[in-house]
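The values are calculated or read from the model by the stated rules, or taken from the named source; none is laboratory data. Here the structure is a predicted model, which is why all the values come from computation and not from measurement. Glycine also receives a Cβ, built like all others from the backbone with ideal geometry; neighbour counts cover every protein chain displayed. These area figures cover heavy atoms from the full protein model, side chains too; ligands, DNA and RNA do not enter into them. Shrake-Rupley method; radii C 1.70, N 1.55, O 1.52, S 1.80 Å.
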Amino acid sequence: MTDTDNKHQESESPETDQILKPAAFRYRLLSIIYDTLILLGIWILTIVLLVTLIQDYVVGAWVQSLLFIESFVFFTYFWIARGQTAGMVAWRLQIQCEVRFTLRHAFLRFIGGMLGLACVGLGFLWIYIDKDRRSWSDIFSNSQIVRANKVR
């Protein structure tokens, strides 16, 4: 038996198969906190660089817009490239979508998340109301956050 045959048999064994189910609120929240800490680090680095270059205060709508764009790029990149952010990796979460997750999906997911936050977290608490345990981000982007039962 070759190495290729061994790898093929390993991937078919029930012990290595992942069972995915909708992620619980606590894991989603922990993932959001983790990603927020990373994003805060990126924002601090950006502001330090701007203050260093400009040699003055950096305030105003342009700075807020830049930080907002950084947030969008951060989440969009990881959602499209990996299907999960660093916080999602830490809690074994991933985006599940019936079709390839695209920039359009990421944009709608981001908008759903912003609206969910703007409504005092109602968009995230929606998983307790939705029969499929989806948040507004999930509904907007026609995707779902799932959690693997075990690590590969």
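Overview of values
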{"read-out": "Selection status of VAL89, farther than 24 Å from ILE69 by Cα and aliphatic (A, V, I, L, M)", "value": "no"}
{"read-out": "Answer residue from segment 131-141, given it is out of contact with any Pro (no Cβ under 6 Å at 6 or more places or on another chain) and over 19 Å from VAL73 (Cα atoms) and is least open to solvent (accessible area, probe 1.4 Å) among those", "value": "SER135"}
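This table checks each residue for (1) surrounded by fewer than 18 Cβ atoms within 10 Å (Cβ to Cβ); (2) touching a helix residue (DSSP H, G or I) at 6+ places or on another chain (Cβ under 8 Å); (3) of a type in the set (S, T, N, Q); (4) at pLDDT 95 or above.
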| residue | (1), (2), (3), (4) |
| --- | --- |
| PHE107 | yes, yes, no, yes |
| LEU117 | yes, yes, no, no |
| ILE129 | yes, no, no, yes |
| SER143 | no, yes, yes, yes |
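So that you can scan it fast, the table gives a plain yes or no per residue for (1) open to solvent by 70 Å² or more (accessible area, probe 1.4 Å); (2) at pLDDT below 95:
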| site | (1), (2) |
| --- | --- |
| ARG26 | yes, no |
| LEU29 | yes, no |
| TYR34 | yes, no |
| LEU39 | no, no |
| ILE42 | no, no |
| ILE47 | no, no |
| ILE54 | yes, yes |
| TYR57 | yes, yes |
| LEU67 | no, no |
